[in-house]
Amino acid sequence: MSDVKTLKLKNGISLILAPKKETKIIDVVISFRVGGRYEDQKKSGISHFYEHMMFDGTKNRPTANAIAKEVDAMGARFNASTWDEYTTYYISASDNYLSKAIEILGDMLSNSLLLEKDVKKEKNVIVEEIKMNQDMPAEQVIELFDKTIFNGDPLSGNISGDYKTVNSISKKDLENFRDKFYVAENCYVGIGGNFVKFSEEEIIRLIEKNLILKNGQPTEIFPAKVSSIKENYSTKDTAQTNLIAGFIGPAYNSEEYYSFSVLATILGGNMSSRMFSKIREELELAYDVRTDINCTTTIGSISTQAGVPNEKFADALAAISGEYQRIKKDLSPEEVENAKTYQIGHSKLSFENSYNTAYFILKYYFTTGKLTTVEEIIDKINSVTFNDVKKVAEKYLIADRMTVTAIGPKVK
């Protein structure tokens, strides 16, 4: 992976090449620096809405079915996702389909029809998606946590928007959104897998020929606001109570990120973690309990989520809170080394997939402005020390700064 490189195309698009010669797959990943935190909140959900529209037909492939047929004929994986800071489209296919994959994604992103009938259709689809998430308390509590810990900041919003904002979005809104955000200066293209049949010049020509974007201003990166609200409970008649407890943490590009990640693994990242051992194995309060981090360009968070018996909500919360505070007192060097070994092994397994590799390297460049390799990431995990983990635990896991959210019938 040492031959990973980045190029700036004449039209302003950033190109990241992440070859993986031992695979027979190619991956084309295209990201734009726009997501929930960059939206006008009166049009919350428009990034996700626009992503949906990219699959509804182009000048060359006038229907969603026409696009899908061509991708299916390649036997490819094909999808998109919208997050807080970026929106990503990708195709992973056999290594003889690089040109086709670039051409299809380029057509979708350059020549979308944005028809009124498709705008109306997607409104209905997205509303049903929102309803589906509202029927899933384990998903809904994640939205509630973000809404609470980042209250007052666009990071607090729901990526899909809500009924009112989604129904207010018009074709003109989508066109204005495209013209502002889907510009070359906001576009990052990652090519991964086995593309050795193509020279850099050929890949550049393919992208410049098929991905035709206007020039514009790159999205401004701004600091996040931190909420003073520490509790947010939603009463709902559910079979169990879903809760999340967590704290603000460092940004993705912070020097503390990998220490923070190791801390999360020790707390609740696997089946031998503290949260899992305490909440599930010892107290038998949950089937699933886990600790995750969610880090953006300017801020991050750590959170532990569990689904527990309704009558045991207070017990579970006390146990989770206790584990957060206990780790600052009795963290051991052995735990740190075991967590690092776990993360390295997990990373190696993940990076066996060429798409995961291309996506990660593109995201890293997108977020930090720096190029990296799989080997460098493993070295960064390896370099985390016991004192590094202890410092981030003491810095971020401050008891009276813990944010708690829960959905269930007995949380108030």
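Does Ser277 meet the test of being in a loop (DSSP other than H, G, I, E, B) and on the phi < 0 side of the Ramachandran plot?
No; evaluated as a whole, the condition is false for this residue.
Does Leu105 qualify as being in contact with a helix residue (DSSP H, G or I) (Cβ under 9 Å, 6 or more places away or on another chain), under 21 Å from Leu211 (Cβ atoms) and not assigned by TED's automatic domain parsing to the domain that holds Ser303?
Judged against the criteria, Leu105 is a match.
Can you pull out the residues in region 24-62 that are under 30 Å from Phe195 (Cα atoms), modelled with pLDDT of 95 or more and part of a loop (DSSP other than H, G, I, E, B)?
Lys24, Arg33, Val34, Gly35, Met54, Phe55, Asp56, Gly57, Asn60, Arg61, Pro62
Could you tell me which of the residues Glu116, Glu129 is under 30 Å from Ile248 (Cβ atoms) and either without any contact (Cβ under 8 Å) to a residue 60 or more places away in the chain or within 21 Å of the chain's Cα centre (by Cα) (or both)?
That would be Glu129, the only listed residue that is under 30 Å from Ile248 (Cβ atoms) and either without any contact (Cβ under 8 Å) to a residue 60 or more places away in the chain or within 21 Å of the chain's Cα centre (by Cα) (or both).
Which numbered condition trips up Asp135, out of (1) touching a helix residue (DSSP H, G or I) at 6+ places or on another chain (Cβ under 9 Å); (2) at pLDDT below 95?
(1)
Please determine whether any residue of region 212-225 is surrounded by 13 or more Cβ atoms within 10 Å (Cβ to Cβ), in contact (Cβ under 8 Å) with a residue 40 or more places away in the chain and closer than 30 Å to Gly307 by Cα.
Scanning region 212-225, I find at least one residue that is surrounded by 13 or more Cβ atoms within 10 Å (Cβ to Cβ), in contact (Cβ under 8 Å) with a residue 40 or more places away in the chain and closer than 30 Å to Gly307 by Cα, so the answer is yes.
Which ones in region 21-37 are more than 15 Å from the chain's Cα centre (by Cα) and not acidic (Asp, Glu)?
Just the residues of region 21-37 that are more than 15 Å from the chain's Cα centre (by Cα), to begin with: 21-28.
Passing the criteria: Lys21, Thr23, Lys24, Ile25, Ile26, Val28.
State which residue pairs qualify: first residue in contact (Cβ under 8 Å) with a residue 40 or more places away in the chain and inside region 386-402, second residue part of a helix (DSSP H, G or I) and among the polar types (S, T, N, Q) in any location, beta carbons under 6 Å apart, and separation of 6 or more residues or different chains.
Correct list of pairs: Asp388/Ser259; Val389/Ser259; Val392/Ser259; Ala399/Gln325.
Only one residue in Thr304, Thr368 is within 22 Å of Ser259 (Cβ to Cβ), at pLDDT below 95 and of a type in the set (S, T, N, Q), so which one is that?
Sole residue among the options that is within 22 Å of Ser259 (Cβ to Cβ), at pLDDT below 95 and of a type in the set (S, T, N, Q): Thr368.
Among the strands (runs of 3 or more DSSP E) confined wholly to region 155-269, which include 3 or more residues that are touching a Phe, Trp or Tyr at 6+ places or on another chain (Cβ under 7 Å) and either hydroxyl-bearing (Ser, Thr, Tyr) or at pLDDT 95 or above (or both)?
Numbers: elements: 187-193, 231-235, 241-249.
Hits in region 155-269: 187-193, 241-249.
One line per residue, one yes/no per condition, for (1) part of a strand (DSSP E or B); (2) out of contact with any helix residue (DSSP H, G or I) (no Cβ under 7 Å at 6 or more places or on another chain); (3) on the phi < 0 side of the Ramachandran plot; (4) modelled with pLDDT of 95 or more:
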site: Ile67; (1), (2), (3), (4): no, no, yes, yes
site: Asp72; (1), (2), (3), (4): no, yes, yes, yes
site: Phe78; (1), (2), (3), (4): yes, no, yes, yes
site: Ala93; (1), (2), (3), (4): yes, no, yes, yes
site: Lys100; (1), (2), (3), (4): no, yes, yes, yes
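Which count do you get for residues in region 320-352 that are at pLDDT below 95 and over 24 Å from Ile378 (Cα atoms)?
0
Would you please list the contacts, defined by Cβ atoms under 8 Å and residues six or more apart or on different chains, that run from a residue in region 334-347 that is farther than 18 Å from Thr291 by Cβ to a residue that is in a helix (DSSP H, G or I)?
Ile344/Ile378; Ile344/Ile381; Ile344/Asn382
Looking at Ile344, Ile299, Ile266 in this structure, which one is among the β-branched types (Val, Ile, Thr) and crowded, with 24+ Cβ neighbours inside 10 Å?
Exactly one residue qualifies, and that residue is Ile266.
Can you find a residue that is part of a helix (DSSP H, G or I) and hydroxyl-bearing (Ser, Thr, Tyr) anywhere in region 111-122?
Step one: of region 111-122, the residues part of a helix (DSSP H, G or I) are 116-122.
Among the residues that remain, those that are also hydroxyl-bearing (Ser, Thr, Tyr) are: none.
No, region 111-122 has no match at all.
The values are calculated or read from the model by the stated rules, or taken from the named source; none is laboratory data. Owing to the predicted nature of the structure, the values given are computational and were not obtained by experimental measurement. Counting neighbours? That spans all protein chains shown, and the Cβs are built from the backbone with ideal geometry, glycine included.
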